[in-house]
1. What ranking, highest mean first, results for peptides 18-26, 54-62 when packing means the other Cβ atoms within 10 Å averaged over each residue?
2. For the pair ALA163 and GLU129, how long in nm is the line joining their label points, each one 7 Å along Cα→Cβ?
3. Mind jotting down the distance between the C-alpha centroids of the stretch 89-110 and the stretch 55-76, whole Å?
4. Return the subset of LYS6/LYS79; LYS7/LYS78; LYS6/LYS210 for which the Cα-Cα distance in this structure is over 29 Å, preserving the input order.
5. In the stretch 53-144, if every C-alpha pair distance is counted and binned at 5 Å from zero, what percent goes to each bin?
6. Which Cα, out of ALA185, PHE67, PRO112, lies furthest along the positive dipole direction of the stretch 55-185 (beta carbon charges, K/R +1, D/E -1)?
7. Rolling a 1.4 angstrom probe over the protein chains, ignoring ligands and nucleic acids, what is the accessible area of VAL207 in square angstrom, nearest 10?
8. Test of understanding: what is the full-extension gain from LEU213 to ALA140, defined as 0.36 nm times their sequence separation minus their Cα-Cα distance?
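The values are calculated or read from the model by the stated rules, or taken from the named source; none is laboratory data. A quick note: this is a predicted structure, and the numbers were derived from the prediction, not measured. Because the Cβ atoms are built from the backbone with ideal geometry, glycine has one as well, and the counts that use them run over all protein chains shown. Heavy atoms of the whole protein, side chains included, go into the accessibility calculation; ligands, DNA and RNA do not. Shrake-Rupley method; radii C 1.70, N 1.55, O 1.52, S 1.80 Å.
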Amino acid sequence: MRIDQKKMRELVARTSPYSPDQLRREANVFYVGGDLPERQTIETLYDSHYQSNAALFHLTFGEEERFPNAENLARLIKKNFNAYLVGRVDFCPSQKMVERAYAAGVDILDIPLHAYDHARSRERGWQMEERLRSLEYARAVFPRWSVVSSLGAGSEPAGSTVAGIDALLEREIVPLVQLCDEGAALPPEQLTRIFNHLQRGWQQKKVLLKPLLPLVFLTSPFAPAASKGVLRGFIDSIEDRRLLAGSDLRRLLRVKEVAESYESSGL
């Protein structure tokens, strides 16, 4: 991957694609709002997906009390489409919610930290600790490198974002960095430093990033280093199917194990 400076400037001025009440498609990624009605949403996804297959579905969960609606949408997406499903939960989900999201079909769970510099206020520090606890719950449920936390470049000093990247990687949580409005105030060299550090961290920790690449290329200044040939693209598609099948099998086994545990306990 390489950093595209022109793309970086464009992303600073872009609004967030994540919304619980909108449905949109960008390139080969579907952004699905978790508060949307199930039937109409699935019908729209079906029409668009089978005209041109999407590589990734991104489901944004709404408020905590609306969790069951997004959970049902996750189940329907996983049942009807053979693609990775990323779920974004912008609150502190309980351990039970994390388990339910996984069982419903979410392959990769994003619980955003937004910023790592928690020293600015006691309230923000408490919120970060709560989110880190939720991320640890998720790490115990989801496969390795299938738990993500998003940070906003520009929402805090560059050094704090870099520290957040390192802290998440040490916990085996995939850091994603997205440009926010405040990023326009940061010098370009500081933004480049953040994304260079992010890429080095991914490489050093051997993060399984492939399922997330469609999203990474849309929401960050990273761009593919070179275009793929036909053979390389064919090999990659086979590898994608293998990884996805392995993820689905692991989920099936875990859900079965949990169900059997409840049954043996008389629950």
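1. By packing density, highest mean first, the sequence is 54-62, 18-26.
2. 1.6 nm
3. Here the answer is 9 Å between Cα centres.
4. Cα-Cα > 29 Å for LYS6/LYS79; LYS7/LYS78; rest within.
5. 3, 14, 24, 22, 16, 11, 6, 3, 1, 0
6. Final value for the positive-end residue is PHE67.
7. 20 Å²
8. Working: separation 73, 0.36 × 73 = 26.28 nm, distance 2.34 nm.
In short, 23.9 nm is gained.
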